[in-house]
Amino acid sequence: MAFIDTPQTEKANRRFIKTAMARPLLEPERELDLARRWRERSDVDALHELTTAYMRLVIAMASRFRHYGLPMSDLIQEGSIGLMQAAARFEPSREVRFSTYATWWIRSTIQDHVLRNWSIVRTGTTAAQKSLFFNLRRLRARIGGASAEQLTHEGRARIAEWLHVGEVEVEEMEGRLAAGDRSLNAVVGEDRDAEWQDFLADDRPGPEEAAIQTLDTAARTRWIKQALRRLNPRELTIIRERRLKDDGDTLEVLGRRLGISKERVRQIEHQALGKLKEALIRVAGDPVAAGLAPA
């Protein structure tokens, strides 16, 4: 998916970049003073001087990600957000240069922006997948040279080892980076009278299968409700609180509520589950004889 800056935007970008790069760098003492004023007194003027002095970091980092096809203006904007996040979290007492600390935040926000917008298909969510996305091209060139178009099995294995991911993940990411997005309305066929979406299979169940699933679900629900009637009140309470809730109670909590030990709760639960299992096995064989279905 390619995005292009308009001529007006490119002109504004050049003007902004020229202004930002012309600002003088901060001496360590001045940088520390500004960071403390912002941290301790919320001095907005200090924040402005601190961040504008390091817009050059944002621009330098954004330029490293231009080959992903996203507008430079968007990359700079995202990097600016990272710069502001760094200013909000920076602790002067740690004796680390703000520029060093801010670089990580700038790179992280730009990378997240690229992952969200490079493709309409989510490319990666874990740290390993993120590393794979941003390093695959470089490592592929390192293995096969600049002309390498596709990795060999040995090449995928080496990259997988370097980045601590599976070979399958390397192969899948290689395919995503090579394919890009495709419009559902793309015209196909010799006569160009059909669209790509016309040939996509519908994985949803058909009307007959959906009706059968609905009936089966209703039957299972009815049988379970009737099986629960075979439990006494205390057994039913324990099963409901332990097994039928998304966040079930612990044995200890139920024991305090019922005035018994947690071991006794476990025994009653085991006994109740046995009753339910027996009832459901019987109904699976003959629901009418089991008394769990109408005759």
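Quick grid of which residues meet (1) surrounded by 14 or more Cβ atoms within 10 Å (Cβ to Cβ); (2) modelled with pLDDT under 90; (3) touching a Leu at 6+ places or on another chain (Cβ under 8 Å):
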site	(1), (2), (3)
Met1	no, yes, no
Pro7	no, yes, no
Ala12	no, yes, no
Phe16	yes, yes, no
Ala20	yes, yes, no
Arg23	no, yes, no
Glu29	no, no, no
Asp33	yes, no, no
Trp38	yes, no, yes
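Please determine, by comparing only the residues of the stretch 88-106 that are among the polar types (S, T, N, Q) and touching a residue at least 40 places away in the same chain (Cβ under 8 Å), which one is nearest to Ser42 (Cα to Cα). Reasoning before the result, please.
So the first thing to find is which residues in the stretch 88-106 are among the polar types (S, T, N, Q), and the list is 93, 99-100, 103.
Applying the additional criterion that residues be touching a residue at least 40 places away in the same chain (Cβ under 8 Å) yields 99, 103.
Numbers: Ser99: 19, Thr103: 22 Å.
By that ranking, first place goes to Ser99.
Filter the stretch 202-230 down to the residues that are closer than 17 Å to Leu280 by Cα, loosely packed, with under 12 Cβ neighbours inside 10 Å and of a type in the set (Gly, Ala, Ser) and list them by number. Within the stretch 202-230, just Ala218 meets the criteria.
Given the stretch 48-118, what helices (runs of 4 or more DSSP H) lie entirely inside it while holding 1 or more residues that are of a type in the set (Asp, Glu)? Please lay out each step first, then the result.
Values: elements: 55-63, 72-89, 98-117.
The qualifying helices (runs of 4 or more DSSP H) are 72-89, 98-117.
Beta carbons closer than 8 Å, at least 6 apart along the sequence or on distinct chains, pair a first residue in the stretch 242-265 that is among the polar types (S, T, N, Q) with a second that is in a helix (DSSP H, G or I) for Thr250/Lys262; Ser261/Gly255. Contact annotation: residue pairs with Cβ atoms under 6 Å, 6 or more positions apart or on different chains, pairing a residue in the stretch 11-35 that is within 19 Å of Arg97 (Cβ to Cβ) with a partner that is in a helix (DSSP H, G or I) and of a type in the set (Phe, Trp, Tyr), are Glu31/Phe98; Ala35/Phe98.
Only one of Glu149, Glu91 is modelled with pLDDT of 75 or more and of a type outside the set (Lys, Arg). Can you tell me which?
Details: Glu149 fails: modelled with pLDDT of 75 or more.
After applying the criteria, what remains is Glu91.
Results for (1) over 20 Å from Ala20 (Cα atoms); (2) under 29 Å from the mean Cα position of the chain (by Cα); (3) among the basic types (Lys, Arg); (4) assigned by TED's automatic domain parsing to the domain that holds Gln8, shown as yes or no for each residue.
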residue: Asp45; (1), (2), (3), (4): no, no, no, yes
residue: Ala62; (1), (2), (3), (4): no, yes, no, yes
residue: His67; (1), (2), (3), (4): yes, yes, no, yes
residue: Gly82; (1), (2), (3), (4): no, yes, no, yes
residue: Ala88; (1), (2), (3), (4): yes, yes, no, yes
residue: Glu95; (1), (2), (3), (4): yes, no, no, yes
residue: Ser99; (1), (2), (3), (4): no, yes, no, yes
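Among the residues of the stretch 231-259, those identified as among the hydrophobic types (A, V, I, L, M, F, W, C) and surrounded by 15 or more Cβ atoms within 10 Å (Cβ to Cβ) are Leu231, Leu236, Ile238, Ile239, Leu251, Leu254, Leu258. Does Gln8 satisfy being out of contact with any strand residue (DSSP E or B) (no Cβ under 7 Å at 6 or more places or on another chain), of a type in the set (S, T, N, Q) and free of Cβ contacts under 8 Å to residues at least 12 places away in the same chain? Answer is yes for this residue.
The values are calculated or read from the model by the stated rules, or taken from the named source; none is laboratory data. Remember, predicted model here, so these are calculated numbers, not experimental data. Because the Cβ atoms are built from the backbone with ideal geometry, glycine has one as well, and the counts that use them run over all protein chains shown.
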